[in-house]
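Undergrad: What follows is a structure written as structure tokens; I'll ask about it next.
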Amino acid sequence: MTGRRADLRLLLALAATGALAACGPMSPERAGDICQERARAATGPTGELAIGTGTGGLKSKVEVGISSDFIQGRDPYEVYESCVRQKTGQGPIRPLNLG
């Protein structure tokens, strides 16, 4: 019985360690990619329009997105800076490129 308890404790400790590791800061490169998209969304509404035809006939797709950062009027550069700091605990390693 004690062997099973020890195994269970070890398993729980490993699971807790894995969960805590997932909460840590991400790489600056990954944060830059994610935050650049968020900053781009803060510049205005985003969207996609697709029209095509296939064996099922005519197909269309319309998507429109408006970020809360855009609605609040936040500066995209500030959005980028604060996003990277939140995800990594440090400033961006590359400048924001909205082009």
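Undergrad: Residues being assigned to a helix (DSSP H, G or I), in contact with a Ser or Thr (Cβ under 8 Å, 6 or more places away or on another chain) and closer than 18 Å to ALA31 by Cα: count how many of those fall in segment 58-99.
TA: So the answer is 2.
Undergrad: Might you let me know whether segment 54-72 holds any residue that is at positive phi and over 14 Å from the mean Cα position of the chain (by Cα)?
TA: yes
Undergrad: Taking ALA31, is it in contact with a Lys or Arg (Cβ under 9 Å, 6 or more places away or on another chain), at negative phi and modelled with pLDDT of 95 or more?
TA: yes
Undergrad: Scan (1) surrounded by 11 or more Cβ atoms within 10 Å (Cβ to Cβ); (2) modelled with pLDDT of 95 or more for the single condition GLY73 breaks and write down its number.
TA: Going through the list (1) surrounded by 11 or more Cβ atoms within 10 Å (Cβ to Cβ); (2) modelled with pLDDT of 95 or more, GLY73 breaks only (1).
The values are calculated or read from the model by the stated rules, or taken from the named source; none is laboratory data. Predicted, not measured: the structure shown is a model, and the values here were computed from it. Cβ coordinates were reconstructed from backbone atoms using ideal geometry, including for glycine residues, and neighbour counts include every protein chain displayed.
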